[in-house]
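This report concerns only the one structure given below.
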């Protein structure tokens, strides 16, 4: 009788240990999957270039249905057919990446902040992507330096319909670019999608 009782207790102990180990394993797997899903969620942008509408999302980059709108911005893009904001698709890419941010309070063209995109540039004309197919191949961005998102140095006329546009960058109100500058971390691989709509 005593051996039977010990055997029953031993079997109960083994069963409990097996259940505990299984639950622990599944909980670890669930936490890993949750972390992977969270790590894939991020801020990302979609610029509707012709509409001059930029949307900041949080969620699965490039997937509007799996993301939430954080905020929308009325912006001013590059001059069409002359100095356009480059489309990544025309250079074999799906999106640009936010590559840095800088305080530019003393620059009346880009102040108070500049958020860089990884659009290829050259030190000589055309100062942007070489062999870029828009503008019948004759785009010239006039100014050397990075493409990106920036402010308007307090000059609201730079966002009006009558203004022809920037030299390929995306202009924001000073308030909006300040908000983005304080929110965005360039080390987080933030994608910037552009549609020609």
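Bear in mind these aren't lab numbers, they're just calculated from the coordinates by the rules spelled out. If you're wondering where the values come from, they're calculated on a predicted model, not measured in any experiment. Ideal geometry is used to build each Cβ from the backbone, glycine not excepted, and the neighbour counts take in all protein chains shown.
Measuring between their Cα centroids, the range 159-197 and the range 56-133 lie 7 Å from each other. With the Cα gyration tensor of the range 132-197 giving a ≥ b ≥ c as the square roots of its eigenvalues, does the rule (a/c under 1.5 for rounded; else a/b larger than b/c for prolate; else oblate) give rounded, prolate or oblate? Since a/c reaches 1.5 but b/c is at least a/b, the shape of the range 132-197 is classed as oblate. Compared with the direct C-alpha span, the chain from residue 93 to residue 64 gains 8.6 nm at full extension, assuming 0.36 nm per residue. Kirkwood-type hydrodynamic radius, the range 41-195: 15.5 Å, calculated from all non-identical alpha-carbon pairs.
When both bridge partners sit in the range 41-195, DSSP labels roughly 75% of those beta bridges antiparallel. Between residue 161 and residue 188, the C-beta separation translates, for a Förster distance of 41 Å, into a calculated FRET efficiency of about 0.75.
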